[in-house]
Amino acid sequence: MKTIFFYLSVILLFPLLSLFSQTKDCTITIDGLERTYLLHLPEKTASFYNLPLVFVFHGGGGTGKLIMNETGFNKLSDRDRFIAVYPDGLYRAWNDGREKKEKGEMKDDVKFISRLIDTIYKQYNIDTSRIFATGISNGGFFSFYLAYKLSNKFLAIAPVCANIPKNLKDFYKPENPVSLMLINGTEDPLVKYEGGKVGFRFGKSRGKSLSTDESISIFKKLDKCSDKAKTEDIPDVISDDECYATKYTYSGGINNTDVILIKITNGGHTWSGGTQYLPKKLVGNLCKDFKAEDVIWGFFKSRNIKQ
């Protein structure tokens, strides 16, 4: 009798398990290599059918767990019902299209993400017209690269502390329009706002990037957005962070695409609203006036489905 009661309890409890948020350690094999990622499923969700999917990519030297803990996407996932995924780059790096590559950056990360999308779709029947990518630094460069290589799968991207690699300037032509939100600081010591060498001033070069203005201009032309921006000052609610932010919106693009720049004056190589993970003299100022994940998800969820 006790055995029957136990199995009945399990059967009755099983449908309720998906009602609580859960973060899973997952693996997938690509070209004989086991790739790892964290998958967060929203709480109080009986079915994951037709939910959006948001990729969050760590920077160089990071992991999916680190960027998950640094950002607040899991809370937003639980609140607004989307699936968040935090992949791990091999050797903590992404092949993001720059000409300077590390050992782990030689792998086909585009294939990894493309297969991962297919896998998650098969498991949860997500809305494949609402797939998004964001990331910081190396993860931001990789978001740009995915928009170029997988424009048929990504509706919008939101790189942070990143620009389009200079070596891709003449080739960066996604087949489909992709909306862009770019968040960059004017005093970022690693990824210069004005472009050029990527990396610390006296450190090893990580390739070269275009300027922020050039990166925005390329997307404006690709998406055929208005050349005139709507300008909005983001409230400077924390005055002692030595930063202030301005939002520039270029709208009216193909398939309702938008190109948005959030320019953080005096901002450094940091995730706004996050932590000052290294001293200011190394990475610059942390803007505390807004949380990057809030404005990024607000941008993503306002996107219209591709025509």
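If the label point is 7 Å along Cα→Cβ of Ser47, which residues in the range 112-156 have backbone nitrogen under 19 Å from it? Flagged as within label range: 120-130.
Taking K and R as +1 and D and E as -1, what net charge do the other residues with C-beta under 11 Å from the C-beta of Lys288 add up to? All intermediate terms of the calculation are to be shown ahead of the outcome.
Details: positive: Lys291; negative: Asp236, Asp240, Asp241, Glu242, Asp289.
With Lys, Arg at +1 and Asp, Glu at -1, the net is -4.
Legend: ranking of residues Arg303, Arg206 from fewest to most surrounding C-beta atoms inside 10 Å; resulting order Arg303, Arg206. The charge dipole of the range 19-301, taken about its Cα centre with unit charges on the Cβ of Lys, Arg, Asp and Glu (plus for the first two, minus for the last two), comes to roughly 640 debye.
Largest GNM mean-square fluctuation across Lys247, Lys204, Lys263, computed for the chain with C-alpha springs under 10 Å, falls on Lys204.
Unpaired cysteine residues in the chain (no second Cys Cβ under 4.7 Å): Cys26, Cys161, Cys225.
Once you order the gyration tensor axes a ≥ b ≥ c over the Cα atoms, which shape class does the range 149-307 get: rounded for a/c under 1.5, otherwise prolate or oblate by comparing a/b with b/c? It is oblate, given that a/c is not under 1.5 and a/b is not larger than b/c.
Taking Cβ atoms as reference points and 12 Å as the exclusive limit, the residues near Tyr49 contribute a net charge of 0, counting Lys and Arg as +1 and Asp and Glu as -1.
For the range 66-167, how big is the tail of P(r) above 22 Å, as a whole percent of Cα pairs? More than 22 Å apart: 29 percent of the Cα pairs in the range 66-167. Karplus-derived 3J(HN,Hα) values for the range 192-200, using 6.51 cos²θ - 1.76 cosθ + 1.60 with θ = phi - 60°, are 5, 4, 8, x, x, 4, 9, x, 5 Hz; glycine and proline are entered as x.
In summary, the helical segments of the chain meeting the span-like criteria, namely a full DSSP H run, a Cα extent along the axis of 15 angstrom or more and a mean Kyte-Doolittle hydropathy of at least -0.5, are 2-13, 109-124, 138-149, 212-223. Per residue, the average separation of C-alpha pairs within less than 8 Å and at least 6 apart gives the chain a relative contact order of 13 percent. Only Cα sites of the chain enter the Debye sum here, all with the same form factor; the resulting log10 I(q)/I(0) across q = 0.07, 0.09 1/Å is -0.27, -0.44, listed in q order.
Among DSSP bridges having both ends in the chain, what percentage is antiparallel? Round to the nearest 5.
Values: 29 of 52 bridges.
The antiparallel fraction comes to roughly 55 percent.
Tell me, how many Å apart are the Cα centres for the range 51-92 and for the range 171-194? Centre-to-centre (Cα) distance: 19 Å. Stokes-Einstein diffusion for the range 154-204, with the hydrodynamic radius set to the Kirkwood value over Cα pairs and evaluated at 10 °C in a medium of 1.306 mPa s, equals 127 µm²/s. Rounded to the nearest 20, the size of the Cβ-charge dipole of the range 22-111 about its Cα centre is 120 debye, with Lys and Arg at +1 and Asp and Glu at -1.
Values quoted throughout were computed directly from the atomic coordinates according to the rules given, and no laboratory measurement underlies them. The structure presented is a predicted model; accordingly, all values stated were derived computationally and were not measured. A quick note on method: Cβ atoms are made from the backbone with ideal geometry, for glycine too, and the neighbour counts reach across all protein chains shown.
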